[in-house]
């Protein structure tokens, strides 16, 4: 008996996405119980998160269900993208080379730097006055 789904967790900035891919689907993507086109208004975000499917040519092989929270729109799209790539890898380990070539298995570790005392932001210093 095969698993009914494969799960992958993706994170980006402050966003976390739990992705489940169901084999034998038609390519439907549901994010927080809403269709992908309704959840992401910008088409660039949709293209971004579909990238693992494009690279592996599995656009219509899986139905995808996502629970995502935290962060902003772009961070969530990036988290979903990593989650989909990791779930695809669990479903079919043969997909590792194309996913790796596309840079889709690497966690983007860039996060907002914390504000330091005595500065206005993380690095911006107050204006210097000589007199």
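Based on the alpha-carbon gyration tensor of segment 27-112 and its eigenvalue square roots a ≥ b ≥ c, which shape applies: rounded if a/c is under 1.5, prolate if not and a/b is larger than b/c, or oblate? Write down the numbers at each step before the final one.
Values: a/c = 1.83, a/b = 1.22, b/c = 1.50.
Oblate shape, in that a/c is at least 1.5 and b/c is the bigger or equal ratio.
Run the numbers for residue 122 and residue 47: contour at 0.36 nm per residue of separation, minus the present Cα-Cα distance, in nm. Walk me through the intermediate numbers first.
Numbers: separation 75, 0.36 × 75 = 27.00 nm, distance 3.19 nm.
The residue 122-residue 47 span can extend by a further 23.8 nm.
I'd like the FRET efficiency for residue 37 and residue 57, computed as 1/(1 + (r/R0)^6) with the beta carbon distance as r and R0 of 30 Å, rounded to 0.05.
Values: r = 22 Å, r/R0 = 0.72.
Computed FRET efficiency for residue 37 and residue 57: 0.90.
Counting each DSSP H run of 4 or more residues in the chain as -39500 (n - 2.57), what helix-only mean residue ellipticity at 222 nm follows after dividing by all residues, to the nearest 500 deg cm²/dmol? Please list the in-between numbers first.
Values: 4 runs with 43 residues, N = 131.
Calculated at 222 nm, the ellipticity per residue is -10000 deg cm²/dmol.
For each of 51, 113, count neighbouring Cβ atoms within 10 Å of the residue's Cβ, then give the residues from fewest to most. Could you put the intermediate results ahead of the total?
Working: 51 17, 113 9.
With the sparsest Cβ surroundings first, the list reads 113, 51.
Which percentage, to the nearest 5, of the DSSP beta bridges contained in the chain is antiparallel? Provide the component values of the computation, followed by the final result.
Values: 17 of 20 bridges.
Here the antiparallel bridges make up roughly 85 percent for the chain.
Values in this text are rule-based calculations from the coordinates and carry no lab data. Quick caveat: nothing in here was measured; it's all calculated off a predicted structure. Note: ideal-geometry Cβ built from the backbone for every residue, glycine included; neighbour counts use all protein chains shown.
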